[in-house]
Amino acid sequence: MKQLFMALMLCLFIFPSYANAEKCDYIFTDDEIEKELDNLLEGGTYKDKAGSGVFCVAYEDLIKLQFNLKDGKINGGMGINVYYEKDKPAIEVYTNDYNLFKYVDELYDDNDMLNFEVLKNKKIDVTSKVYYENGNVAMTCNMKNGNGDCISYLESGAMEMYLPISNYAINGITEVYDEDGNVAMTCNMKNGNGDCISYLESGAMEMYLPISNYAINGITEVYDEDGKLWSTITYKDDKIISAECANTISARLRPGGLKWTKAEISNWENGLEVKCGY
């Protein structure tokens, strides 16, 4: 049972994916889930013999797993389906490596960012679909031989984000859209390094964010609606180290220093207003 829920964790945290269902040669009973599933997942054995064929597991119609084995070894990958309720899909996953759940803890670094090096070292291919509860697709990802892309969608069905992947890394121009289809952010990435620019509804630049190792690192610039530099925020691994106002009004209102207080930094991190003399 432990392995079944580890597989569920995999669905929720790695690129979700889907596969065409195959005819099941073996369907696990509830008793066999307890007795045989760990053996199948860890050693490729079923009833003390090397497993061959398509093995299917269903748990309360909410989690379904499918393995295609030949002589105890992977032969076509692993399918995982998770449902909100019976016949109402939440996640559909297919990966070429059914042992992936064994090193799920290695898939994330100290900043909770997906570790592409693990994907590269294990040569993992994944394709996926995630659904909203209303049945609309929330995200699709397709990666083969380290190349592919991910596309996320708003609940309305409009595209929200495009993420290009090559050589097991985010490479190229990533675009994020608002509900009206306008570009809200663009990122130019190469092997996890680059920069992002976010935009106001008017189309004017709102923020410049330097990215290294898939995290915000360095001095982020924030601009007002008139295009003037409003503040600078220094980040290290996505965490704010310091921040200060940049406009001349704030210099008069804060003689002796323009730095933000800890309370102001906390407000910014929590999406609350910070005033720089406006």
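When region 237-247 is examined, which residues are found to be assigned to a loop (DSSP other than H, G, I, E, B) and crowded, with 16+ Cβ neighbours inside 10 Å?
Ala246, Asn247
Being under 23 Å from Ile124 (Cα atoms), touching a helix residue (DSSP H, G or I) at 6+ places or on another chain (Cβ under 8 Å), hydrophobic (A, V, I, L, M, F, W, C) and surrounded by 15 or more Cβ atoms within 10 Å (Cβ to Cβ): is that true of Ala169 here?
In short, yes.
Give all pairs with beta carbons closer than 6 Å in which a residue from region 234-250 that is within 28 Å of Asn213 (Cα to Cα) meets a residue that is surrounded by 15 or more Cβ atoms within 10 Å (Cβ to Cβ) and modelled with pLDDT under 85; count only pairs at least 6 apart in sequence or on separate chains.
Here the result reads Glu244/Leu258; Cys245/Leu258; Cys245/Cys276, each pair linking region 234-250 to a residue that is surrounded by 15 or more Cβ atoms within 10 Å (Cβ to Cβ) and modelled with pLDDT under 85.
Given (1) surrounded by 15 or more Cβ atoms within 10 Å (Cβ to Cβ); (2) at pLDDT below 70; (3) part of a helix (DSSP H, G or I), where does Leu12 come up short, assuming only one miss?
Unmet condition: (1).
Check whether at least one residue in region 178-194 is acidic (Asp, Glu) and loosely packed, with under 13 Cβ neighbours inside 10 Å, and report yes or no.
Taking every residue of region 178-194 in turn, at least one turns out to be acidic (Asp, Glu) and loosely packed, with under 13 Cβ neighbours inside 10 Å.
So, in region 43-92, exactly how many residues are of a type in the set (S, T, N, Q), part of a strand (DSSP E or B) and more than 25 Å from Cys141 (Cβ to Cβ)?
Of the residues in that region, 1 qualify.
List pairs: first in region 253-269 and closer than 12 Å to Ile233 by Cβ and open to solvent by less than 60 Å² (accessible area, probe 1.4 Å), second of a type in the set (A, V, I, L, M, F, W, C) and at pLDDT 90 or above, Cβ under 6 Å, 6+ apart or cross-chain?
Short answer, once both residue conditions are applied: Trp260/Ala243; Ile265/Ile240; Ile265/Ala243.
Residues Glu133, Glu155, Glu175: which one is assigned to a strand (DSSP E or B), over 14 Å from the mean Cα position of the chain (by Cα), modelled with pLDDT of 85 or more and over 30 Å from Asp38 (Cβ atoms)?
That would be Glu175, the only listed residue that is assigned to a strand (DSSP E or B), over 14 Å from the mean Cα position of the chain (by Cα), modelled with pLDDT of 85 or more and over 30 Å from Asp38 (Cβ atoms).
Looking only at region 202-222, count how many residues are open to solvent by 50 Å² or more (accessible area, probe 1.4 Å) and not in a loop (DSSP other than H, G, I, E, B).
Number satisfying all stated conditions: 5.
Determine, yes or no, whether Thr234 is closer than 16 Å to Trp260 by Cβ and either modelled with pLDDT of 95 or more or open to solvent by less than 30 Å² (accessible area, probe 1.4 Å) (or both).
Judged against the criteria, Thr234 is not a match.
Has region 31-42 got any residue that is open to solvent by less than 20 Å² (accessible area, probe 1.4 Å), modelled with pLDDT of 80 or more, over 19 Å from Asn142 (Cβ atoms) and among the hydrophobic types (A, V, I, L, M, F, W, C)?
Checking region 31-42: not a single residue is open to solvent by less than 20 Å² (accessible area, probe 1.4 Å), modelled with pLDDT of 80 or more, over 19 Å from Asn142 (Cβ atoms) and among the hydrophobic types (A, V, I, L, M, F, W, C).
The values are calculated or read from the model by the stated rules, or taken from the named source; none is laboratory data. No experiment lies behind these values; they were computed from the predicted model shown. Don't worry about glycine lacking a Cβ; one is built from the backbone with ideal geometry, like all the others, and counts go over all protein chains shown. For accessibility, only protein heavy atoms count, side chains too; no ligands or nucleic acids. Shrake-Rupley method; radii C 1.70, N 1.55, O 1.52, S 1.80 Å.
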